[in-house]
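**Student:** Have a look at this one before I ask anything.
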Ligand code: FES
Ligand SMILES: [Fe+2]
């Protein structure tokens with residue numbers, strides 16, 4: 001298996017889980033139904049009725065239960081069947097799996113592993129998605145490729161020059177600026193400072209930069225599958241590299257990735273910005289530009305996935321830019337192996 005199960009994954013954006021409605025999602029190959037209880041709290045259950053296997057997502061949400069659409073069995077948030085129409089007693093064992101679920105950072109998070117190990121503190125840190133002073137625009141892309149291909153892509157800055165030549169690629173000289181890669185606990189950081197360049201057009205939305213700027217792209221992968229990019233620029237020589245960003249603008253480019261199956265992925269993305277918070281036009285331009293840019297990656301990754309399905313075990317060569325992707329795969333692979341060993345031992 002290529003999944004770490006004892007971890008939090010984004011099931012959906014919180015705004016996509018509507019009161020009174022069911023939402024069916026496959027997460028790490030598990031069919032799941034999500035809904036909200038009468039307090040508005042999210043619930044995640046196995047999407048299968050224990051009576052005759054109809055997906056519960058085809059049923060309906062009552063006050064605090066989900067009712068199967070076939071014979072009306074009702075299940076509570078803990079997965080226990082609480083009502084069987086036409087009979088007084090619920091048969092023993094009438095229950096479905098319930099998953100730990102938490103709403104945080106404008107997302108609904110699910111824990112597909114052992115419920116007793118679910119720890120809210122292990123949710124990846126994304127405070128700018130719901131903090132005052134920040135506003136986000138984003139969406140969800142369904143991608144027909146292994147989630148790890150997308151993480152490879154996000155940890156590699158050189159692809160911008162080639163895949164994104166029609167959107168975000170800037171001065172070709174940027175591709176020559178050295179990138180630093182470092183391990184930080186179980187995270188990987190890939191960082192590039194570009195000093196004395198021209199601001200890319202996207203930053204003109206924030207304000208006009210007339211002179212040269214210092215730009216930063218500070219990437220962090222957090223296990224298992226969240227990649228954030230702290231990006232922005234400031235007037236050149238005003239101290240941004242040493243921490244003074246007062247003469248510039250900042251954005252967080254968030255990539256919150258959930259494996260659907262071994263070869264398909266839920267790709268949640270969002271830009272969070274700390275400028276022009278109420279400007280609808282800026283939000284619209286970023287939403288459109290983000291989707292266009294990230295679809296350029298998805299088209300390539302889906303073709304790469306198709307190729308992987310046909311090449312068998314033909315060898316590949318590695319180059320310098322593969323450093324960060326190889327490190328993340330090693331860390332994740334070790335954690336998955338440790339988890340599988342503990343399951344086998346237990
Ligand atoms: S299949 Fe769900 S109640 Fe019969
Ligand atoms: Fe990209």
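**Student:** Looking at 149, 218, can you tell me which residue is at pLDDT 90 or above and either touching a helix residue (DSSP H, G or I) at 6+ places or on another chain (Cβ under 9 Å) or crowded, with 20+ Cβ neighbours inside 10 Å (or both)? Full working, then the answer.
**Tutor:** On the way: 218 fails: either touching a helix residue (DSSP H, G or I) at 6+ places or on another chain (Cβ under 9 Å) or crowded, with 20+ Cβ neighbours inside 10 Å (or both).
Just a single option satisfies the conditions, and that option is 149.
**Student:** Do we find a residue being assigned to a helix (DSSP H, G or I) and over 24 Å from residue 165 (Cβ atoms) anywhere in region 309-325? Let's see the steps before the verdict.
**Tutor:** First, the residues of region 309-325 that are assigned to a helix (DSSP H, G or I): 320-325.
Retained after the next criterion (residues that are over 24 Å from residue 165 (Cβ atoms)): none.
Scanning region 309-325 turns up no residue that is assigned to a helix (DSSP H, G or I) and over 24 Å from residue 165 (Cβ atoms).
**Student:** Of the residues 332, 291, 277, only one is buried (at least 18 other Cβ atoms within 10 Å of the Cβ) and outside any strand (DSSP E or B); which?
**Tutor:** 332
**Student:** Of everything in region 38-57, what is crowded, with 17+ Cβ neighbours inside 10 Å and assigned to a loop (DSSP other than H, G, I, E, B)? Give them in sequence order.
**Tutor:** 47, 48, 49, 50, 55
**Student:** Also, I was wondering about something else. Tally up the residues in region 101-121 that are outside any strand (DSSP E or B), surrounded by fewer than 21 Cβ atoms within 10 Å (Cβ to Cβ) and in contact (Cβ under 8 Å) with a residue 40 or more places away in the chain, please.
**Tutor:** Total satisfying the criteria: 5.
**Student:** Kindly list the number of the only condition in (1) farther than 30 Å from residue 68 by Cβ; (2) under 15 Å from the mean Cα position of the chain (by Cα); (3) outside the structural domain of residue 39 (by TED's automatic domain parsing) that fails for residue 106.
**Tutor:** Condition not satisfied by residue 106: (3).
**Student:** Suppose the filter is within 26 Å of the chain's Cα centre (by Cα) and under 29 Å from residue 130 (Cα atoms); does residue 56 pass it?
**Tutor:** In short, no.
**Student:** If you don't mind, another one. Quick check on region 159-173: of everything there that is within 21 Å of residue 324 (Cα to Cα) and either modelled with pLDDT of 80 or more or not assigned by TED's automatic domain parsing to the domain that holds residue 304 (or both), which residue is farthest from ligand 1 (Cβ to nearest atom)? Walk me through it before giving the result.
**Tutor:** Of region 159-173, the ones within 21 Å of residue 324 (Cα to Cα) are 159-164, 169.
Still in the running and either modelled with pLDDT of 80 or more or not assigned by TED's automatic domain parsing to the domain that holds residue 304 (or both): 159-164.
Details: 159: 47, 160: 50, 161: 54, 162: 51, 163: 46, 164: 48 Å.
Applying the filter and picking the extreme gives 161.
**Student:** Also, I was wondering about something else. Under 7 Å between Cβ atoms, which residue pairs at least 6 apart in sequence (or on different chains) link something in region 61-78 that is in contact (Cβ under 8 Å) with a residue 24 or more places away in the chain with a partner that is within 8 Å of ligand 1 (Cβ to nearest atom) and assigned to a loop (DSSP other than H, G, I, E, B)?
**Tutor:** What qualifies is 66/59; 73/49; 73/51.
**Student:** Ok, one more. Only one of 224, 200, 178 is in contact (Cβ under 8 Å) with a residue 40 or more places away in the chain and more than 18 Å from residue 128 (Cβ to Cβ); which?
**Tutor:** 224
**Student:** Here are 111, 128: which of them is within 29 Å of residue 305 (Cβ to Cβ), more than 16 Å from ligand 1 (Cβ to nearest atom) and touching a strand residue (DSSP E or B) at 6+ places or on another chain (Cβ under 7 Å)?
**Tutor:** 111
**Student:** Now, a different point. Does any residue of region 253-264 turn out to be buried (at least 16 other Cβ atoms within 10 Å of the Cβ), part of a helix (DSSP H, G or I) and away from ligand 2 (no atom under 16 Å from the Cβ)?
**Tutor:** So far as region 253-264 goes, no, none of its residues is buried (at least 16 other Cβ atoms within 10 Å of the Cβ), part of a helix (DSSP H, G or I) and away from ligand 2 (no atom under 16 Å from the Cβ).
**Student:** Another question, if that's okay. Report whether or not residue 60 is within 16 Å of ligand 2 (Cβ to nearest atom) and either buried (at least 19 other Cβ atoms within 10 Å of the Cβ) or at negative phi (or both).
**Tutor:** no
The values are calculated or read from the model by the stated rules, or taken from the named source; none is laboratory data. Everything numeric here is computed off the predicted structure, so don't read it as measured data. In this analysis, Cβ positions are derived from the backbone assuming ideal geometry, glycine residues included, and neighbour counts consider all displayed protein chains.
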